[in-house]
1. What are the ³J(HN,Hα) couplings of region 530-541, residue after residue, when phi is run through the Karplus curve with 6.51, -1.76, 1.60 and θ = phi - 60°? Round to Hz, x for glycine and proline.
2. Accessible surface of TRP201 in the full protein assembly, 1.4 angstrom probe, to the nearest 10 Å²?
3. If DNA, RNA and ligands are ignored and the probe is 1.4 Å, what is the ranking of LEU364, LEU480 by accessible area, most exposed first?
4. What is the distance in Å between the Cα centroid of region 1-17 and that of region 452-517?
5. If you count only protein heavy atoms and use a 1.4 Å probe, how large is the accessible surface of ASP406, to the nearest 10 Å²?
6. Where the centre of each part is set by its Cα atoms, how far does region 195-231 sit from region 311-326, in angstrom?
7. Quantify, in whole percent, the carbon and sulfur part of the accessible surface of region 393-437 (1.4 Å probe; protein heavy atoms only).
8. In terms of solvent-accessible area of protein heavy atoms at a 1.4 angstrom probe, what is the ranking of LEU422, LEU65, highest value first?
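The values are calculated or read from the model by the stated rules, or taken from the named source; none is laboratory data. The model shown is predicted, which means the values in this text are computed figures rather than measured ones. FYI the Cβ positions are ideal-geometry reconstructions off the backbone, even for glycines, and counts take in every protein chain you see. These area figures cover heavy atoms from the full protein model, side chains too; ligands, DNA and RNA do not enter into them. Shrake-Rupley method; radii C 1.70, N 1.55, O 1.52, S 1.80 Å.
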Amino acid sequence: MDAEQIAAGRERWQARYDAARKRDADFTTLSGETVAPLYGPPPGVDHPGFARIGWPGEFPYTRGLHPTGYRGRAWTIRQFSGFGNARQTNERYRMLLAAGGGGLSVAFDMPTLMGYDSDDAKALGEVGHCGVAIDSAADMDVLFDGIDLAAVTTSMTISGPAVPIFCMYLVAAERQGADLSTLDGTLQTDIFKEYIAQKEWLFAPEPHLRLIGDLMEYCAAEIPRYKPLSVSGYHIREAGSTAAQELAYTLADGFGYVELGLSRGLDINRFAPGLSFFFDAHLDFFEEIAKFRAARRIWARWLRDVYGATDERALWLRFHTQTAGVSLTAQQPVNNVVRTAVEALAAVLGGTNSLHTNALDETLALPTEESAEIALRTQQVLMEETGVANVADPLGGSWYVEALTDQIEAAAEEIFTRIRNLGADGTITAGILRGIEDGWFTSAIADSAFAYQAALEKGDKRIVGVNTHTGTVAKELEILRISHEVELEQRRVLAERRADRDDALVRRTLDELTAACRTETNLIPAMLGAARAEATLGEICGVLRAEWGIYREPARF
């Protein structure tokens, strides 16, 4: 790109920056020196390839979605939390919001994630242990008691039974008197990554995709601000993938959902802004920054050039980041504070829209109140003290960062080609489904995980406190333990609610859901009816299992 084109781009950026709203904050260094909101090539200098870097708020969005960067709006502090029963988790949410959290992110326990009630035999010993137990809309009422759902953005990390859980959330909002059309938040719903990495599904892929398509249609028509899909690379990376694999598999899954929306006849310029992403921030600082920058560039190009999106907002890749749980160590766990801070800084310098920072004790148990506060304060120190929010894409133009961004993008494009070639019709969706069926994704991730573990065993890769610098004076941590009484109490409350509800109404709504499953009608209204009648998660998912069967992954050796 020649100097004249660069100067024209800077003028476009300046006009957009001047017109945008900025935060009322101090944008000087610690020494009081003024810093510019953006830095770029010196005036009058040609910069070959600068079109791939560009300006914040302008295609291809390598440097961010907005011309102001974080001067316009800082990232949302969204701490992932849930444990025990709804009352206990509600108390933690109130603490996080009072301490400066900007949104909620709900972690569910394993029975809920698998669509079972707390009194199901398969739930024994698991209730409340890795997240909050939710059995019906009444639990949602308690979970969000005193929290205005119309005023707080709420993210829910669940995929298999995401749609019935979403319906229970809507019922809780209705009972608060909220206008459902104004709700804002994100539901994960990403079933592709379950087959690829996390393994929390209910049925075969096709009926899950039907539910997701119904949800996309419903949200586009009824709740336009709510994002019905958060395409997750986090779990792919935690399973052992490389950064390039995380990026490629995640974006490919996103392309698959774009193809799903188009197959439903939805307008890409309307539904694509409702897709968001969820990435891992790992410890290789510059590689992670490059990954985030490449993600925005790839998504914008594919949405425009492959799928025909024309609206600017449809080209934007919005993403939440969580620091890498897999990087945390049980040995010398206080070191995890440092790891989390470095990973969070990488996410911020990569332009994340919201962020969760892991607590130092999460490799051992759910966070204590104290460790959760430290995790929250880590973000606040970055935001308030370091100056990283003063300049948009401060590493833009770095030879190293730009080379890494190009390198990861090229690796991702090679993977997209392989995925397309897996399918019979050349679509990304067909390739993903074939890759799931053949175990291609899981095999590739397993190979990457094995290679990293072998490097650790040989000492080529080092982890402080694990295979190097193992001496310590640290004492054993006090950790949060979930009492068995939580499960007993949850089962007791569930039995009382079943006894108090209108059983005839519950049966009628479940029969209506069964009938809807046998047609092509959108399932969300029928599921909402069942949730309003206090049908349980297990009962609703039981209807779906009866209609669609269950899916068992083929054994592979």
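1. So the Karplus estimates, Gly and Pro as x, are 5, 5, 5, 7, 6, 4, 7, 4, x, 5, 5, 5 Hz.
2. Number for this one is 30 Å².
3. Working: LEU364 80, LEU480 45 Å².
Output order, biggest surface exposure first: LEU364, LEU480.
4. 50
5. Spelled out: ASP406, probe radius 1.4 Å, area about 60 Å².
6. Taking the Cα centre of each part, region 195-231 and region 311-326 sit 17 Å apart.
7. On the way: 1210 of 2270 Å².
Heavy-atom surface of region 393-437 belonging to carbon and sulfur, 1.4 Å probe: 53 percent.
8. Ranking LEU422, LEU65 by accessible area, largest first, yields LEU422, LEU65.
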